[in-house]
Amino acid sequence: MVLKGFNAEFESPVSASRMFKAGIVDAHNLAPKLIPEVVTGTTILEGDGGVGSVKRTDFTELIPFSYVTDRVVEQDEEKFVYKYKMLEGGLLGKMYSDANYEVRFEPTSSGGCVCKMTGQYEAFNETDFKEEEINVGKMGLTGMYKAVEAHLLANPDAYL
């Protein structure tokens with residue numbers, strides 16, 4: 001197996017608390033509304049949305065796969081850390097055997113936050129897993145949280 005992955009981050013003027021509430025805790029409701037051209041829906045299959053829950057996200061034809069199913073590994077609402085593991089869908093079983101993600105919102109002194117995202121993959125071999133596949137995950141996560149940021153800036157009373 002070959003380990004592959006990405007790190008991405010951006011600074012936001014929105015607080016870590018609001019980004020976490022909107023982009024993590026309520027993402028299953030918010031994502032289809034904010035990016036309907038990409039996400040058609042998210043369903044909680046098991047659990048209450050917290051640790052141990054299983055979620056399925058369905059995508060439009062713009063994405064090279066129709067869905068992913070993930071398990072919530074960690075959801076720390078005090079430290080604004082969210083970790084999840086892909087169980088099914090996407091490129092799992094085709095390009096890689098394991099995929100794990102972490103999203104972290106670190107408060108800044110200005111009242112905003114730094115959004116840090118990490119994806120780690122166990123690829124079957126070096127030649128099967130190309131940078132463009134990694135970039136799909138990286139750009140997808142970044143795009144989602146930038147959409148959340150734009151929504152929160154436009155709606156300053158949301159997710160307080």
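Dipole magnitude for region 2-154: about 240 debye, using +1 per Lys or Arg Cβ and -1 per Asp or Glu Cβ, origin at the Cα centre. Non-local lysine pairs in region 82-160, meaning eight or more places apart or on different chains, with alpha-carbon distances under 17 Å, amount to 10.
Taking other C-beta atoms within 10 angstrom as a stand-in for reagent exposure, SER12, SER17, SER97 fall in the order SER97, SER17, SER12, fewest first.
Listed by Cβ neighbour count within 10 Å, with the fewest neighbours leading, ARG18, ARG56 appear as ARG56, ARG18.
With neighbours defined as other Cβ atoms within 10 Å of a residue's Cβ, the residues ILE35, ILE24 order from fewest to most as ILE35, ILE24. Given the C-alpha centroids of region 87-102 and region 1-53, what is the distance between them in whole angstrom? Each part reduced to its Cα centre gives a spacing of 17 Å.
With contacts defined as alpha carbon pairs under 8 Å and 6 or more residues apart, what's the relative contact order of the chain in percent? Computed over the chain, the figure is 29 percent. Ranking GLY90, VAL38, SER66 by Cα position along the charge dipole of region 2-154, where only Lys, Arg, Asp and Glu carry charges on their C-beta atoms, puts VAL38 farthest toward the positive end.
Here, each number is a calculation from the coordinates, and none is a lab measurement. Everything numeric in this text was worked out from a predicted model, so none of it was measured. Glycine gets a Cβ as well: all are built from the backbone with ideal geometry, and neighbour counts include every protein chain shown.
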